[in-house]
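*Asks:* There's a structure below that I have some questions on.
The values are calculated or read from the model by the stated rules, or taken from the named source; none is laboratory data. Given the structure is predicted, the values throughout are model-derived calculations rather than measurements. Note that we place each Cβ from the backbone using ideal geometry, even for glycine, and neighbour counts take in every protein chain shown. When the accessible area is computed, the model is the full protein with side chains, heavy atoms only, and any ligands, DNA or RNA have been set aside. Shrake-Rupley method; radii C 1.70, N 1.55, O 1.52, S 1.80 Å.
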Amino acid sequence: MKPETTAPQDQISPHLDALQHEVAIFARRAEQTRLGGLGPARNSMDRAAYLLLSKLDQQGPTGVKALAAGMGIDSSTVTRQVAPLVESGLVTRTADPDDGRAVVLQLSPRGSVRLAEVRRSRCKLMTRLTEHWSDDEREVFRELLTRFNTAVAEWQNNYTLPE
């Protein structure tokens, strides 16, 4: 007797089934290892801090609302996540000259140095993980991962809960 399945398998593309499985494995492994790099800076900065510092590095001085919008999270989350970065001297917080009620966040010199250390550590890990890949393979993987991350972000921005 053949065991019953919850969904008809003939309706699932084998390629998409394999893809969803690999994404699930990647998510678990990324969380387990935090893909935090190699050397002294390994796992020394959590994902939220790294992404906030990277965004400030890319954008320069930024208001909380603009930073939140650029990262796809709400302002209260940015405020909560940036507080320890300000306390540790990695980010400076100043009043917006155009609106004294608003705050402008900026990567401090110490934050720039720290971000560079962590970025180098993470790049060392990426080098190790892809040491048998060609430069073209690395670039194709980066392009596809960027497209995938963009699609996920767009889906999240447009997704509404069913009523």
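*Asks:* Inspect all residues belonging to the stretch 93-115 and state whether any of them is open to solvent by 90 Å² or more (accessible area, probe 1.4 Å), modelled with pLDDT of 90 or more and closer than 16 Å to Y50 by Cα.
*Replies:* Yes, the stretch 93-115 contains a residue that is open to solvent by 90 Å² or more (accessible area, probe 1.4 Å), modelled with pLDDT of 90 or more and closer than 16 Å to Y50 by Cα.
*Asks:* Inspect the stretch 77-88 for any residue being among the polar types (S, T, N, Q) and more than 27 Å from A24 (Cα to Cα) and give the result as yes or no.
*Replies:* Taking every residue of the stretch 77-88 in turn, at least one turns out to be among the polar types (S, T, N, Q) and more than 27 Å from A24 (Cα to Cα).
*Asks:* In the stretch 72-94, which residues are assigned to a helix (DSSP H, G or I) and more than 25 Å from T150 (Cβ to Cβ)?
*Replies:* Those that are assigned to a helix (DSSP H, G or I) and more than 25 Å from T150 (Cβ to Cβ): T79, R80, A83, P84, L85, V86, E87.
*Asks:* Could you check V140 against (1) under 27 Å from G60 (Cβ atoms); (2) open to solvent by less than 90 Å² (accessible area, probe 1.4 Å) and say which number it fails?
*Replies:* (1)
*Asks:* Does the stretch 29-42 contain at least one residue that is modelled with pLDDT of 95 or more, over 28 Å from N157 (Cα atoms) and open to solvent by less than 50 Å² (accessible area, probe 1.4 Å)?
*Replies:* Within the stretch 29-42, none of the residues are modelled with pLDDT of 95 or more, over 28 Å from N157 (Cα atoms) and open to solvent by less than 50 Å² (accessible area, probe 1.4 Å).
*Asks:* With respect to Q58, determine if the residue is at pLDDT 90 or above, under 18 Å from the mean Cα position of the chain (by Cα) and either of a type in the set (V, I, T) or surrounded by fewer than 14 Cβ atoms within 10 Å (Cβ to Cβ) (or both).
*Replies:* Details: at pLDDT 90 or above: yes; under 18 Å from the mean Cα position of the chain (by Cα): yes; either of a type in the set (V, I, T) or surrounded by fewer than 14 Cβ atoms within 10 Å (Cβ to Cβ) (or both): yes.
So Q58 fits the description; yes.
*Asks:* May I pose another question? Is it true that some residue in the stretch 72-88 is among the hydroxyl-bearing types (S, T, Y) and modelled with pLDDT of 95 or more?
*Replies:* Taking the stretch 72-88 and keeping what is among the hydroxyl-bearing types (S, T, Y), we get 75-77, 79, 88.
Next, from what is left, pick out any that are modelled with pLDDT of 95 or more: none.
Among the residues of the stretch 72-88, not one is among the hydroxyl-bearing types (S, T, Y) and modelled with pLDDT of 95 or more, which makes the answer no.
*Asks:* Looking at this structure, is R147 of a type in the set (D, E, K, R), more than 30 Å from V23 (Cβ to Cβ) and assigned to a helix (DSSP H, G or I)?
*Replies:* No: the conditions fail for R147.
*Asks:* Looking at the stretch 69-82, I want the residues that are among the acidic types (D, E) and have a partner that is surrounded by 15 or more Cβ atoms within 10 Å (Cβ to Cβ) and assigned to a helix (DSSP H, G or I) with Cβ atoms under 8 Å, at least 6 apart or on another chain. Which pairs are those?
*Replies:* D74/A68
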